[in-house]
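The values are calculated or read from the model by the stated rules, or taken from the named source; none is laboratory data. What you are looking at is a predicted structure, and each value in this text was computed from that prediction instead of being measured. Backbone-built Cβ (ideal geometry, glycine too); neighbour counts: all protein chains shown.
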Amino acid sequence: MTAITSPQDCLDAADKLLTSVVRGTRGAWPRACAWLLRLALEAAMDDYWRRSRPEVASMRARSPQFLILDRDAGRQVAARAGYAWAALSRAGHHHCYELGLTAGELRRLRDTVATVISDLARAEATDSRQAS
């Protein structure tokens, strides 16, 4: 088994859960997929902050990072990231008498996370060009 080390690794692992039967994941794969997608989003944000504003990367809490993201990467990026993070956080926990996310819902969240990862990379590239 290889270690998951990047946002893309997390997306790839989530894709595997969404597209094939993975032995030993019966009943748990939707929650595992949600956690992998959230890890991908968090890793991308960590990378973004580490490169663009290290003082923000050192914050322990996620909330301020999402608030600052609005100003640094744009309102749409921040809104997408916040929505995905909240939805995936909720889906990752077991709630009695509540159905988990369907494969279709997880695919849409996966696409949202992939878009945020791409948006953060683009915002970072724009920031570095403006600083030059």
Report summary line: So, first residue of a type in the set (D, E) in region 32-46, second residue at pLDDT below 95 and surrounded by fewer than 22 Cβ atoms within 10 Å (Cβ to Cβ), Cβ within less than 7 Å, six or more apart or across chains; the pairs are D46/A57
Requested in this report: Please find, within region 101-111, the residue that is farthest from L17 (Cα to Cα) out of those that are in contact (Cβ under 8 Å) with a residue 24 or more places away in the chain and surrounded by fewer than 19 Cβ atoms within 10 Å (Cβ to Cβ).
Outcome: T102
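Mind telling me which of the residues Y48, Y97 ends up being of a type in the set (S, T, Y) and exposed (fewer than 11 other Cβ atoms within 10 Å of the Cβ)? Don't jump to the end; show me each part of the working.
Working: Y48 fails: exposed (fewer than 11 other Cβ atoms within 10 Å of the Cβ).
Exactly one of Y48, Y97 is of a type in the set (S, T, Y) and exposed (fewer than 11 other Cβ atoms within 10 Å of the Cβ), namely Y97.
May I ask you to list the residues in region 94-120 that are over 15 Å from R80 (Cβ atoms), in a helix (DSSP H, G or I) and not small (G, A, S)? Break it down stepwise before answering.
Applying the first criterion (over 15 Å from R80 (Cβ atoms)) to region 94-120 yields 94-107.
Cutting the leftovers down to in a helix (DSSP H, G or I) gives us 103-107.
Answer for region 94-120, where residues must be over 15 Å from R80 (Cβ atoms), in a helix (DSSP H, G or I) and not small (G, A, S): E105, L106, R107.
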Requested in this report: Return a yes/no flag: does region 115-126 have any residue that is surrounded by fewer than 16 Cβ atoms within 10 Å (Cβ to Cβ) and either modelled with pLDDT under 85 or in contact with a Pro (Cβ under 6 Å, 6 or more places away or on another chain) (or both).
Outcome: yes
Requested in this report: Check A87 against each of (1) farther than 20 Å from S6 by Cα; (2) of a type in the set (G, A, S); (3) surrounded by fewer than 16 Cβ atoms within 10 Å (Cβ to Cβ); (4) in contact with a helix residue (DSSP H, G or I) (Cβ under 8 Å, 6 or more places away or on another chain) and name the one condition it does not meet.
Outcome: (3)
